[in-house]
Every structure is written in structure tokens, then in C-alpha cells.
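Structure in C-alpha cells, see below.
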Amino acid sequence: MKAVVLSSGGVDSTTCVGIAVDKYGAENVTTLSMYYGQKHDKELECARQIADHYGVAHIEKDISTVMDMSDCALLKTGSLEIEHESYDKQIKENKENGGIVTTYVPFRNGLLLSCAAAIAVSIYPNEDVEIYYGAHADDAAGDAYADCTPEFVKAMNAAISRGTYERCTVKAPFLNINKAGVVKIGISLKVPYEKTWSCYEGKDKACGVCGTCRDRLAAFKANGIEDPIEYETR
């Protein structure tokens, strides 16, 4: 069995790397990062560091042209601003837009998982492969990110499994736990969270006030430890 892990360089995907390496060994794991038009490349830099830390193979692909018509706040092509509020507040304030947050990248996880399946079959032509991605219950809460919900994962797994002759399966190990639960697992696996990046801003320090920073800080606090990265505001 082999594993391909979608690696963004953040807490959730890096914990997935830790799980895959613990389960199958570094020699059987490949991390995969995508440039999809992000405003900064901090997460890609961190993903490379994570791959080096674990000694796994690492692949990067540029799929930015697929997203160049999106107005998402995370993308260079987007005109929307990154909101420095909790996801819950953003959802309530964006009711007229169906509660969709400005950092939702159109069908991003569907695209990434599809690319991962094609790459997995190509690099491991005679192997069964588990494709890991770090969707968790907080991402799905309130439908903040529809491509992190159980319904989405079930549908994508069925499509990818059938489309690869049952050789690839989607693994979302955190689907039913929150970010605090993810961090708890990572701590037990000694995941190098000091090498990770979650903030939507690309500054020297994480902002501490965007939706993902707020969730990350709360997750570490819930585990009784301090987040090891630097913040402008804690």
C-alpha cells in the first residue's frame, strides 16, 4: 500500500502526513502540493519543509489557470478581501450569498483530489493507494466549506475509486473530529507544527485574526499547549 497526501503545509494536512508515515513508512508516502493561484507561497514553502522533515517524496504542480476566473479572496485574481472574523460570524454576515465565506475556492478540494488520483495512478501504477486530505468537522460546520463535508468525501471517494479501477481511495481521517482533535493526534505523533503555516495572509508572522488563525489558536489552547509559530496578534 502507498499513500499520497495533499499537503498545504498547514496543521491538518501535516498531521495527515504524520499519520501516513507512521502507518506505511516514509518510503511509501508522497506529498503533493498545488499552486492554484494563491496570493502567497508560504504554504508551499512549508509543505517542502514538511516533506524534508519526514524524508518523503514531494511533488508540486501548477494548476492556477483553472482558478484564474475566480473572485476568491485567497487568489491573486480575486478582488474580495480576507475577512478577519470567525467563520461563524462570516457565515451569518454572508447570508445573502448563501453563507459562503470569501475564502471558499470554487471546488478546490474536488480538483485537488482528482489531480491526486491521476498522479497516484501514474507514480504507483501497480499499487493500491490511499489519498489523504485534512478536511475536519470545523471546516464543514455551517457549510463553511462544502468540499469538506461527509457528503462530499463520500461522493469523491466513490468516483475516484471507480475511476481508478478501485486502486485509489480517499482518506479523510478527521472528518468527524474538530481541529482540537486533529492537534491532539498530531501531538501524539510528534508532528512538527513549528514548521507549518495556516494564516491566509502571507506576512512574516501569522495575523492571528483571520478565520483559520482563530481556529488554529483555539485548537492548541484546547490541548493546553501554546502554538509554536509566531503571531502578530494572539
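Could you sort S188, S13 by accessible area so the largest value comes first, with the probe set to 1.4 Å?
Per-residue accessible area, sorted high to low, gives S188, S13.
Rank E45, E232 by accessible area, highest first, at a 1.4 Å probe radius?
E232, E45
Roughly what would the spin-label model give for E81 and N176, points 7 Å off Cα along C-beta, in nm?
About 4.1 nm separates the two model spin labels.
Want the number for T169 to D68: 0.36 nm per residue separation, take away the alpha-carbon distance, what's left?
Full extension of this stretch gives 33.5 nm more.
Moving to a separate point now. With the chain treated as a Gaussian network of Cα nodes joined by springs under 10 Å, which of P125, P192, P106 yields the largest mean-square fluctuation?
It is P125.
Counting only DSSP beta bridges with both residues in the chain, what percent are antiparallel, rounded to the nearest 5?
Here the share of antiparallel DSSP bridges comes out near 5 percent.
Can you list, bin by bin at 5 Å, the percent of alpha carbon pairs in the chain, starting at 0?
In order of increasing distance, the bins hold 1, 7, 14, 19, 22, 19, 11, 5, 2, 0 percent.
In addition: I need the calculated FRET efficiency for the pair D128 and I185, taking r as the beta carbon distance and R₀ as 25 Å, to the nearest 0.05.
After rounding to 0.05, the efficiency reads 0.60.
Amide H of Y35: which non-local residues (sequence gap of 5 or more, or other chain) have their own amide H closer than 5 Å, using H built in the peptide plane?
Residues meeting the criterion, in which the H sits 1.01 Å from N, are K61, D62, I63.
Send over the semi-axes of region 157-202's equivalent ellipsoid, whole angstrom and largest first, taken as the square roots of 5 times the C-alpha gyration tensor eigenvalues.
Here the semi-axes work out to 29, 15, 11 Å.
In nm, what is the difference between 0.36 nm times the number of residues separating E194 and A222 and their Cα-Cα distance?
That works out to 8.3 nm of additional length.
Which three semi-axes in whole Å describe the equivalent ellipsoid of region 113-218, each the square root of 5 times a Cα gyration tensor eigenvalue, listed largest first?
Details: eigenvalues 161, 54, 36 Å².
Those come to 28, 16, 13 Å.
Something else now. Would you mind working out the accessible area per residue for the chain, using a 1.4 Å probe, and quoting it in Å²? Working shown, then result.
Values: 10860 Å² over 234 residues.
Each residue of the chain exposes 46 Å² on average to a 1.4 Å probe.
Let's test the formula: R0 of 35 Å, r as the Cβ-Cβ distance of A158 and T233. What FRET efficiency results, to the nearest 0.05?
Efficiency, from the Cβ-Cβ distance: 0.25.
With label points built 7 Å along Cα→Cβ from the Cα atoms of H53 and K23, find their separation and express it in nm.
In this crude spin-label approximation the distance works out to 1.9 nm.
The values are calculated or read from the model by the stated rules, or taken from the named source; none is laboratory data. These numbers come from a predicted model, not from an experiment. With ideal geometry, Cβ positions are generated from the backbone for all residues, glycine too; neighbour counts draw on all protein chains shown. Surface accessibility is based on the protein's heavy atoms, side chains included, excluding ligands, DNA and RNA. Shrake-Rupley method; radii C 1.70, N 1.55, O 1.52, S 1.80 Å.
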